[in-house]
Structure formats: structure tokens, C-alpha cells
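Everything below concerns the one structure shown next.
The values are calculated or read from the model by the stated rules, or taken from the named source; none is laboratory data. Keep in mind that what you see is a predicted model, and the values were worked out from it rather than measured. FYI the Cβ positions are ideal-geometry reconstructions off the backbone, even for glycines, and counts take in every protein chain you see. Heavy atoms of the whole protein, side chains included, go into the accessibility calculation; ligands, DNA and RNA do not. Shrake-Rupley method; radii C 1.70, N 1.55, O 1.52, S 1.80 Å.
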Amino acid sequence: MKSSEPFKIPLSVVLAPMVAVLCIWTVFWVEVGFGVNFNDYGIFPRKLWGLRGVVLSPFIHGSVEHLYNNTIPLAILLAFLFYFYQKVALRVLFFGVILSGILTWAIARPSYHIGASGVIYVLASFIFFKGILAKYYRLVALSLVVVFIYGSMVWYIFPVKEDISWEGHLAGFVTGLLLAFIIQAEVPELRKYEWEKEDFNEDDDPFLKHFDEHGNFIENKEEPEPGIQIKYHYRESKKD
């Protein structure tokens, strides 16, 4: 599908990151302010009651450092998603949360898995692979930006640290990859120059006419002057 007005800035580019950041910080503030711990509402693998964490775990964080580390990537990647893929952004976000959460529930270690990092991996993976698949220069450039900023994240889909839910990261990465293939997004139509079109004829191109058969530029190529036509108009004189 093609779009005639690519990348029109919607309000959601600002609103979505703002709401997401506000939600995760509010939940953490409630925990600290009221002395409660919501970790038990995270994903607990292969227990039916642990499935509630599929929806709730992205809002729960274990420390200020954990929360801070997820805040900036979540805000930036959500802004990217809603700017470049605005018509499918909510779909990607919804299915990303559900599928990555269920996959984490299926493969993870028997422990509580919390935090928005799984969603962050969904967004980074989707934006990167979708840009490559789209083959549109702006989206490819966006993919390269994501790799440049968050390329080191790929190491955390492996068990490099015991206290990090690498299973959640892996689930998010795989989910983003699947969604990049499954969800169809509008891609602006690539503009083609005249010489890139199939019906382009070099002999009719005014610029190429200034080159001879050896490729030498003819600076002052004489062009035929249009013929001069003289027209006379006769008007009868008025009689006295």
C-alpha cells in the first residue's frame, strides 16, 4: 500500500511516549509512596495465575535504576513507531505486549519477570526489520539509527547476567521480528527520475543531446531557430 502524504506528524508521536512514561513512573511512585510491592504481578512462567503479568509486568520495575534505564528507550522508540508507522502503531504495540508476554511465560525461568524491557525489544526489533523489509530509504535510515543507538541491546537476549530477564528480551526480539513480517504498513511510493523510468528514451532527453557519440559535452549546441512569420493586418481607412 502506498501513501501520498508520507510521515505526517500526528499528535500520538508526543502523546504515546508521554502516557507510557507517566504510567510506569506512576506505578513505581505508588509502590514507594504506599510501601507496596507489585513484583508478584509480574510474569511467572507456566503458572496460570502468572499470565496476569503478560499485561501488568511492563508497568512494574524493581528499582529507580531499572525504571530509568527503560524510560528513555521506551519514549524514543514509541515516538519512532507512532511517527513512521502511525497507522499500525497501536496494532504493533498491542500484539507486541501480548505475544512477547506469552512467549516469556512459556520459555522463561521460574521467577517473576517484570519491566518494560520486553516491549522495548519488540519496538526495536520491529522498527529495524520493518525498515529493512520496506526498502524505503528513510525507513532503512531509521533502522540504521536504531542499530547505532541500541545495537548493544542484542547481547542481552542471551544469558549474560543472572539478574536480567534475558528470556523477556529474547521474546520481545522474536516478536518484533514476526510482526515486521506479518503486519503490513503503508510505505511511501519511491519517486523515480525520468532516466529511471522504463519508457525513457535517451534521444529525446534535452540534456543528453548536449553530448556527442563519444561522451564529450557540447557547450554551445546549435538548436534550430523557429521560423519567423510576418503577418499583415489591413484596416480600411474611414471615409470623410
inquiry  = Could you report the accessible area of Tyr41 in Å², rounded to 10, computed with a 1.4 Å probe on the protein chains as they sit in the structure?
reply    = 100 Å²
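Students sometimes get this wrong: rank Trp25, Trp105 by accessible area, probe 1.4 Å, all chains present, largest first. Walk me through the numbers on the way to the answer.
Working: Trp25 95, Trp105 55 Å².
Solvent-accessible surface, decreasing: Trp25, Trp105.
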key: Pair Glu65, Ile218: separation of 7 Å Cα→Cβ label points (nm)   = 7.5 nm
inquiry  = Rounded to the nearest percent, how much of the accessible area of the stretch 11-182 (1.4 Å probe, protein heavy atoms only) is carbon and sulfur?
reply    = 74 percent
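Given the convex hull over the Cα atoms of the stretch 65-165, what projected area results after averaging over all orientations, in nm²?
Numbers: hull surface 26.6 nm².
Hull-based average projected area comes out at 6.6 nm².
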query = Rounded to the nearest 20 Debye, what is the dipole magnitude of the stretch 11-182 about its Cα centre when Lys and Arg each give +1 and Asp and Glu each give -1 at the C-beta?
reply = 620 debye
request  = Report the trypsin sites (Lys or Arg not before Pro) located in the stretch 89-151 that are in a DSSP loop and have at most 15 other Cβ atoms inside 10 Å of their Cβ, or state none.
outcome  = Lys135
ask   = Accessible area of Ser152, 1.4 Å probe, to the nearest 10 Å²?
value = 80 Å²
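Using just the Cα positions, wrap the stretch 11-182 in a convex hull and report its mean projected area in square nanometres, one decimal place.
Numbers: hull surface 38.2 nm².
One quarter of the hull surface, i.e. the mean projection, equals 9.5 nm².
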task = Using a 1.4 Å probe and counting only protein heavy atoms, arrange Leu178, Leu67 so the residue with the most accessible area comes first.
result = Leu178, Leu67
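Which of the trypsin sites (Lys or Arg not before Pro) across the stretch 25-73 are loop residues per DSSP, with 15 or fewer other Cβ within 10 Å? Working shown, then result.
Values: sites: Arg46, Lys47, Arg52; in loops: Arg46, Lys47.
Those satisfying the criteria are Arg46, Lys47.
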